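Notes follow the structure.
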Amino acid sequence: MRPYLVLTMSALSVALLGCGPAAETQGETLAATVGTQNVGLAAHQKIEIPEFEYVEDQDLHLTRELSIFDSLGRAQRFEEDLHSDGSGQIALSILQFADFGLPMWSQPSSQLEASYFNRQSYLVKYRDLHLGSEISLQRNFRWSEQPGVVQVAGLDCKRIIAESVHDLGDFEFHVTVDTDLLLGWTSFDVQGNPVMRMKTLDVDFTPDHNGVAWAVPAVAEHPYAGEVDEPLLGFSPKSPQYVPPGFYRLEERLLLANGIMANLGNIHAAFYSDGIHVLFVAQQKILSSPSLNVLSGAALVKHAEIGGIRVAEGDVPGRRLYVVGQLPTEELQTIFGSMF
């Protein structure tokens, strides 16, 4: 499988380039979903919910290595270059690439370079790990800090473990001892095998940003305004009747993707999270004539998996549906089926 497909495995990822859940809405949405009860930490937990600082919020320049593991434990590796000005502008590019299990680096293909250029905002906001609301982090994870420190990019870092209480996959974070800056992380599948790992190799806190081409959104987007935006969609979007345990809706966005994807209209995207895992449920109008299986009411669902990111995609009368996340395929299939 060609390496650039990790960044482009569904048409939805083309549109999810620059949009992102507004941080200030998360607490409101969660409170409306689960109430205002503050669920206490389990007695055996070792630490309170951590608060991380993120590299894209700092003025810095760093290089880092992303590893994506297959079922045999072999890693496909991407060496990345990230500039951030601390005020919201970022620039992410790929420097080198190594395919599954290969020890030597090679120059990335032009397709892979283009994928990074087009999807840099999407990758930093959604592929990189971030913590959500405190209530969800309390409800859905057991937190602990491992003894000792590890060196990441020459800095002393703590090892923070988040164990999913719903057995949806655990996480390990490496954060600096002094500032809680997140410099590395590993996500694990439900069997405890590593799925994806990020490690900072070098960081410069006095960066030179001269000549940097900052990322810009590839499509216009805004918070979905309900009936006001329905004419832009051409349909009334449906919500899944099932989401996995602990997940809550972050927000809804309208992505003005009409014209980017052939025979498909603008996208309604709903974002869900359990505090760390992120789930996308998206739908858009089919502008061309549907096939016989769609006319008859049957939905043929296609599945894809690359680097632990899974997609369930299929057509229903007049619409195309996508469910994207790190969750097991069975969970994505159930979510997809609950959209009918």
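The values are calculated or read from the model by the stated rules, or taken from the named source; none is laboratory data. It should be emphasised that the depicted structure is a prediction, and the values quoted were computed from it without experimental measurement. Glycine also receives a Cβ, built like all others from the backbone with ideal geometry; neighbour counts cover every protein chain displayed.
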Exercise. Just a yes or no: is a residue in the stretch 46-58 out of contact with any Ser or Thr (no Cβ under 6 Å at 6 or more places or on another chain), on the phi > 0 side of the Ramachandran plot and not aliphatic (A, V, I, L, M)?
Worked result: no
For this session: Name, by its number, the condition in (1) surrounded by 20 or more Cβ atoms within 10 Å (Cβ to Cβ); (2) at pLDDT 90 or above that does not hold for Ser115.
Result: (2)
Exercise. Of the residues Ala153, Ala91, which single one is modelled with pLDDT of 95 or more, hydrophobic (A, V, I, L, M, F, W, C), assigned by TED's automatic domain parsing to the domain that holds Asp59 and on the phi > 0 side of the Ramachandran plot?
Worked result: Ala153
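Here's a check for you: in the stretch 141-175, which residue that is among the β-branched types (Val, Ile, Thr) and free of Cβ contacts under 8 Å to residues at least 60 places away in the same chain is surrounded by the most Cβ atoms within 10 Å (Cβ to Cβ)?
Val152
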Exercise. Name the residues in the stretch 251-277 that are crowded, with 23+ Cβ neighbours inside 10 Å and at pLDDT below 90, would you?
Worked result: Leu255, Ala257
For this session: With respect to Gly192, determine if the residue is at pLDDT 95 or above, small (Gly, Ala, Ser) and out of contact with any Phe, Trp or Tyr (no Cβ under 6 Å at 6 or more places or on another chain).
Result: no
Problem set entry | In the stretch 47-93, the residues that are hydrophobic (A, V, I, L, M, F, W, C) and more than 18 Å from the chain's Cα centre (by Cα) | Ile47, Ile49, Leu60, Leu62, Leu72, Ala75
For this session: Return a yes/no flag: does the stretch 215-237 have any residue that is more than 27 Å from Gly318 (Cβ to Cβ), at pLDDT 95 or above, surrounded by 14 or more Cβ atoms within 10 Å (Cβ to Cβ) and not assigned by TED's automatic domain parsing to the domain that holds Gly154.
Result: no
Exercise. Across the stretch 42-78, which residue is modelled with the lowest pLDDT among those that are of a type in the set (A, V, I, L, M, F, W, C) and loosely packed, with under 15 Cβ neighbours inside 10 Å?
Worked result: Ala43
Exercise. Looking at the stretch 177-189, which of the residues that are at pLDDT 95 or above and either in contact with a helix residue (DSSP H, G or I) (Cβ under 6 Å, 6 or more places away or on another chain) or not in a strand (DSSP E or B) (or both) is nearest to Glu134 (Cα to Cα)?
Worked result: Asp180
